[in-house]
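Structure, as structure tokens:
Just so you know, all these numbers are worked out from the coordinates, no wet-lab data involved. Because the structure is a prediction, the values reported are computed rather than measured. Don't worry about glycine lacking a Cβ; one is built from the backbone with ideal geometry, like all the others, and counts go over all protein chains shown.
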Amino acid sequence: MSQTLIRPLDPIADRPAVDALFRAARDYILMERDAEPDEAVTEEFFTDAPPGCDPAASARLGLFDGSTLIAVAEMGFGYPQADDAYLGLMVVSEAARGSGAGRRLLHHLQDLARARGMTRMFLAVLEANPRGRAFWEREGFTLAVANREVTLGAKTQIAHRLGKTL
């Protein structure tokens, strides 16, 4: 990676870059929803939030390598408990996987959660994503709730909630 920058994403100005990132992570979107990345995936990224959380209060961040967006993340605050952060999505482009981009973005998110007074972080990992689960476990996340049924797009599948004390 050349010079990298993590910053909040603007739903208007950054929409083309987020669309391009989801196309660059097409394999993940297909696994998650059985559908090609499209405008609806990008719209959901900018508007979705964990249950009971204000979407406007969620952090929507991008990791840029130079001018190229190589990873995105959405994290809400106050779910499942008031002092918990919930990472609803973190996606790294296929080309940037294995480069440390995901780890760098995760550590930034953890620092942000701590700065907001959160004491734990949770996320869901799809059973169909063993590589993703291995990443999260290497980063200290452990199983909190097994075998939850989730629907993303039109696809329903099994996910496991992982958690970590911050």
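Per-residue ellipticity at 222 nm for the chain, helices alone: DSSP H runs ≥ 4 residues times -39500 (n - 2.57), over residue total, nearest 500 deg cm²/dmol?
On the way: 5 runs with 51 residues, N = 166.
After summing the helix terms and dividing by the residues of the chain, the value is -9000 deg cm²/dmol.
Using the Cα centre as the reference, give the magnitude of the dipole from point charges on the C-beta atoms of the chain (Lys, Arg: +1; Asp, Glu: -1; all else neutral), rounded to the nearest 20 debye.
Working: 19 positive and 23 negative charges, 138 e Å.
Magnitude of the dipole: close to 660 debye.
Express in nm, to one decimal, how much length is gained between Ala56 and Arg148 on full extension, taking 0.36 nm for each residue of separation and deducting their alpha carbon distance.
Gain in length upon complete extension: 30.5 nm.
So how much slack lies between Asp83 and Asp27, counting 0.36 nm per residue of separation and subtracting their Cα-Cα distance, in nm? The partial results should precede the final answer.
Numbers: separation 56, 0.36 × 56 = 20.16 nm, distance 3.32 nm.
Computed gain between Asp83 and Asp27 is 16.8 nm.
What is the fewest-to-most order of Arg104, Arg131, Arg7 by other Cβ atoms lying within 10 Å of their Cβ?
On the way: Arg104 16, Arg131 8, Arg7 11.
Starting with the residue having the fewest Cβ neighbours, the order is Arg131, Arg7, Arg104.
Taking the Cα centroid of region 79-103 and of region 5-76, what is the distance between the two, rounded to the nearest whole Å?
11 Å
Which one, Val41, Ala159, Pro11, projects farthest toward the positive side of the charge dipole computed for the chain from Cβ point charges (K/R +1, D/E -1)?
Value computed over the given set: Ala159.
Quick one: Asp38, Asp84, fewest Cβ neighbours within 10 Å first, how do they rank?
Values: Asp38 14, Asp84 19.
Sorted ascending by nearby Cβ count, the order is Asp38, Asp84.
Taking a temperature of 4 °C and a viscosity of 1.567 mPa s, what whole-number D in µm²/s does Stokes-Einstein yield for the chain with Rh from Kirkwood over alpha carbon pairs?
Numbers: Rh = 15.9 Å.
Diffusion coefficient, whole number: 81 µm²/s.
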